[in-house]
Amino acid sequence: DLIWSVNVAEDAKTEHSGWGYCASPLISDNLLIIAAVGKLMAYDIETGNLIWEGNDYGDGYSSPHFYTSRDKTQILLMSAGGLVSVNPADGKELWKYEWEVDSRIVQPAFCENGDIIITHSSGESFKRLSLSENGVKEVWSTKSMRVNFNDMVIHKGHAYGYEGMKLVCVDLKD
């Protein structure tokens, strides 16, 4: 039986850019969190009532992901404006790494030490970010890997992913 249903597009007041709403939902305590083309929306999982809506960060098809740093759980989302971190309880922005490009699809990935890997299919395509008390900073970037639709795999200090029809590997140290 249907328990509840909502029109996310109507609630978010956003329009998708051709591919619809493609992100996977995320559950945090009693919230169902949905990315509506770069705008996070949180619904009460029992009633479907809208609890909070975040800022609109522009187009993106990336799904929201949990990230924990210094024992603080956050939600990360890639969008046209870059990478944003929000508080799961209220959707308030905690920090943002600005990287203005289009077509955000691939999810952020995480190194063993908590650093964050983000990527894009064109230009300066692959970055390692480090989060500290002073904010987020770029550790390095490379054009050696441009994964676009498929997420990468992190294994034993390396990232593996498809760039077109090629399987590419990047050493995460440098």
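Quick notes on this structure:
- Full extension of the segment from W4 to D29, taken as 0.36 nm per residue of separation minus the current Cα-Cα distance, would add 7.2 nm.
- Within the stretch 89-118: backbone nitrogen closer than 13 Å to the V139 label point (7 Å, Cα to C-beta): 109-118
- Anisotropy class of the stretch 1-106 from Cα gyration tensor, a/c 1.5 cut: oblate
- Most mobile listed residue (K143, K156, K92) in the chain, GNM with C-alpha springs under 10 Å: K156
- Placing pseudo-labels 7 Å out from each Cα toward the beta carbon at D115 and W95 gives an inter-label distance of 1.4 nm.
- Across the accessible surface of the chain, with the other protein chains kept in place and a 1.4 Å probe, carbon and sulfur atoms take up 47 percent.
- Around the Cα centre of the chain, unit charges on the Cβ atoms of Lys, Arg, Asp and Glu (plus for the first two, minus for the last two) sum to a dipole of about 680 debye.
- Neighbour net charge for K13 - beta-carbon separation under 10 angstrom, K R +1, D E -1: -4
- Checking the cross-link pairs K13/K137; K13/K127; K39/K96 against a 22 Å limit on the alpha carbon distance flags K13/K137; K13/K127 as lying beyond it.
- With K and R counted +1 and D and E -1, the other residues having a Cβ less than 14 Å from that of S69 yield a net charge of -1.
- Solvent-accessible heavy-atom area per residue, rounded to whole Å², over the chain at 1.4 Å: 54
- Summing Lys and Arg as +1 and Asp and Glu as -1 over all other residues whose Cβ lies under 14 Å from the Cβ of N30 gives a net charge of -4.
- The chain, relative contact order in percent, only Cα pairs under 8 angstrom and at least six apart counted: 12
- When restricted to Cα atoms, the stretch 74-156 yields an Rg and a Dmax of 12.4, 38 Å, respectively.
The values are calculated or read from the model by the stated rules, or taken from the named source; none is laboratory data. Everything numeric here is computed off the predicted structure, so don't read it as measured data. Virtual Cβ from ideal backbone geometry, glycine too; neighbours counted across all protein chains shown. When the accessible area is computed, the model is the full protein with side chains, heavy atoms only, and any ligands, DNA or RNA have been set aside. Shrake-Rupley method; radii C 1.70, N 1.55, O 1.52, S 1.80 Å.
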